Structure formats: C-alpha cells, structure tokens
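Here is the structure we will look at, set down as structure tokens.
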Amino acid sequence: MTLHEGQKDALVAVPSIPRDDEGPVFREPWEAQAFALTVQLHERGAFTWSQWAEALGGEIANAGPNDPAENYYVHWMAALEKLTAEHDIVPREEFLARKDAWDRAARATPHGEPIELGRETNSHD
Amino acid sequence: MAETDHHHDHGEGSELPDIALRVKSLESLLIEKGYVDPEALDLLIETYEHKVGPRNGAAVVARAWTDPGFKKHLMEDAGAAIASLGFVGRQGEHMVALENTPETHNMVVCTLCSCYPWPVLGLPPVWYKSAPYRSRAVGDPRGVLEEFGTQIPEGSAVRVWDSTAEIRYLVIPMRPEGTDGWSAEQLAELVTRNSMIGTGVALTPEQLEASQQA
C-alpha cells in the first residue's frame, strides 16, 4: 500500500511514530483510530502538521524521558483532544459530556449487543 | 444435524477502558460534525489491519501443532501459554483456546470492538464488528461460513462462541494434511486470521503455494 500525502506528512512531522518500513504500526485498534482521525482532520484543514507536531511533542515532553514507549498513543490522544478543543472543533465540555454518555451506554448495554447512544444523541447512523 | 451453542453467561453491561471511551467519544463527535467521514476512516484503519498482524496468533497455533507440551499448556491456560511466547495484552483479558476437531468446528463472534484478542490477532476486520455478522453467525453459522467459502462437513458440529470483555477466544484450526515434518515457521504461514476466528480453516500447502505465486 502506498501512503497518501497526509500519512506521509504525519510520519515526517513526527519522526518518533512507531513504524516499520511500510508505515505506522499499532498495538491496539484505538491507536489506529486515533491515528486515522488525526490524518483525516489534517486532510480537511482542521490544523497544520506543524501545529500537530507541536501539540504531540508537548505531551511527550511533559511525560518526561522515562515514559514507556507504549504510552505513545496515549499522548497522541491527549494532544488530539487539546488541539480539537483549542481550535473549537470539539469543545472540552462537549467531549466530556459525550464520554460520559458512552460510558453510561456501555455499562447499560447487555454484552454482545452493539453499544449505542440513546436515540436523542445518535444522529449518525 | 449441526449443533449451535451460543454461550450467554454475561448479562452485565460492559466497562470500556477509559482510552477507548475517549477515542470513541471524539470519533463520534467528529463524524457528527462532518469533520471525518466514517467510510474513509474505516478504509484507513482497514489498511492497517495486518500491521498489528495475526502473525502472533499464527505462531501460537503453529507451536501448538508441533509441541504437545505447549498445546497442553495452551488448552489449560491459554493466557499463560501465549504470554510465554511474549505476546501479552494490556488489559489482562482472559484467553481461552478452542480446538477444532473433525467433530467440532468453533467460530467466534462479538460486536463490541473491545472483545477481540488484539495481542494475537491484531486489529479486527471491519466485518467482524458489524451487527449483521454477529446476528447471522449465531442464527445461521453454516450460511455465514459458506459465504466465507468455508465448508464444514455435515457430520461436524458448529459451535458459536460469543466473546466477552473478560474472555477472548482463539480458535486453533486443524493442522492441514500433507504437512508432516514442516517446521513451526513453515506451518505458521498456513494459519490465516480467519482460521483463528473460525470463519475459515487453515490453508493447505497447495493453497499457500498458489497464494505465494499470485
């Protein structure tokens, strides 16, 4: 598979991204989801890669030199939350309310059934 | 007749890990606001399905085929046996190995994207997370298997296992004929991801050769 431009940019801008010869590698699906969200937001002009690299770099720097490598995408996600809030794409309060809603939905959903938000908030089927 | 056991020992709701909730929340908001396209997102993720790779699981299966001591350990305590090969999950989930035999074919379903043994199977395929797959797999497992091009002999039972947030299953497919004397490394090439979910069986040596020439 050939990386498209956004992904190439991602790799150039953040050289420490876990990767092999063909591209990024992920430990768990949410890592790939966080990566894919970021690539798409950038492609749609929500932020530039230098803004992204700065946000991610800040999170990683704050974690200090002894932070384990497997936390990479935890920092990635923290940076993405901050950047989307700063750019007024997803305000922090809205994000926290949604997270709470998903948490309650997950706890209320019998196992084996898809977790879905209540009809009143679920507008993307 | 085929027997379908659908295990339902879990009435409780699910607790998703905090980080998974955060990703899901941001993702759903960004989709609703039109910043990301869910299909493009799936496509991007699908591209990387093989990157976490089912290779770890294939190594586990091949080892079980060639090392009776490991196989015994795997069937008794899959988590510990898999960890002994260095494949460790982050959430401490309980792994159970299901051995396919001429009498019984095992197949695993779940719609929660948290219910998949990442450390051994990598990212789940998009169809695995779809509601139609799960409901049809439970109601008509042979029909689903046929769509995957998998024929299970009439005399064999098909058992469907619903994985939970606490228990993840790894299907150990039957070792193909004509592989006597193969090394574990060679055998691992025959073990596909679908054979470890139970929607397929392991490749035959001929199928492997054909796929390598393609």
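The values are calculated or read from the model by the stated rules, or taken from the named source; none is laboratory data. Computed from a prediction, not measured in an experiment: that's the story for all the values here. Backbone-built Cβ (ideal geometry, glycine too); neighbour counts: all protein chains shown.
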On the given criteria, is B:Pro205 touching a Ser or Thr at 6+ places or on another chain (Cβ under 8 Å), over 25 Å from B:Ala80 (Cβ atoms), crowded, with 22+ Cβ neighbours inside 10 Å and not acidic (Asp, Glu)?
no
Quick check on B:Pro176: is it within 13 Å of B:Trp65 (Cβ to Cβ) and of a type outside the set (A, V, I, L, M, F, W, C)?
yes
Filter result for B:Asp77 (more than 9 Å from chain A (Cβ to nearest Cβ) and modelled with pLDDT of 95 or more):
no
Of the listed residues (B:Val158, B:Val191), the one being touching a residue at least 60 places away in the same chain (Cβ under 8 Å), within 15 Å of the chain's Cα centre (by Cα) and in the same structural domain as B:Ala59 (by TED's automatic domain parsing) is B:Val191
Those residues of segment B:132-169 which are touching a strand residue (DSSP E or B) at 6+ places or on another chain (Cβ under 8 Å) and over 30 Å from B:Glu15 (Cβ atoms) amount to B:Arg142, B:Leu145, B:Ile152, B:Ser156, B:Ala157, B:Val158
List the number of the failed condition for A:Phe35; all other conditions in (1) at pLDDT 75 or above; (2) more than 11 Å from chain B (Cβ to nearest Cβ) hold.
(2)
In segment B:164-192, what residues are surrounded by fewer than 23 Cβ atoms within 10 Å (Cβ to Cβ) and within 14 Å of chain A (Cβ to nearest Cβ)?
B:Thr164, B:Ala165, B:Glu166, B:Ile167
Taking A:Arg98 as the residue in question, decide whether it is basic (Lys, Arg) and modelled with pLDDT of 90 or more.
yes
Quickly run through segment A:53-108 and pick out the residues that are facing chain B (nearest Cβ under 8 Å), among the acidic types (Asp, Glu) and surrounded by 13 or more Cβ atoms within 10 Å (Cβ to Cβ).
A:Glu81, A:Glu94, A:Asp103
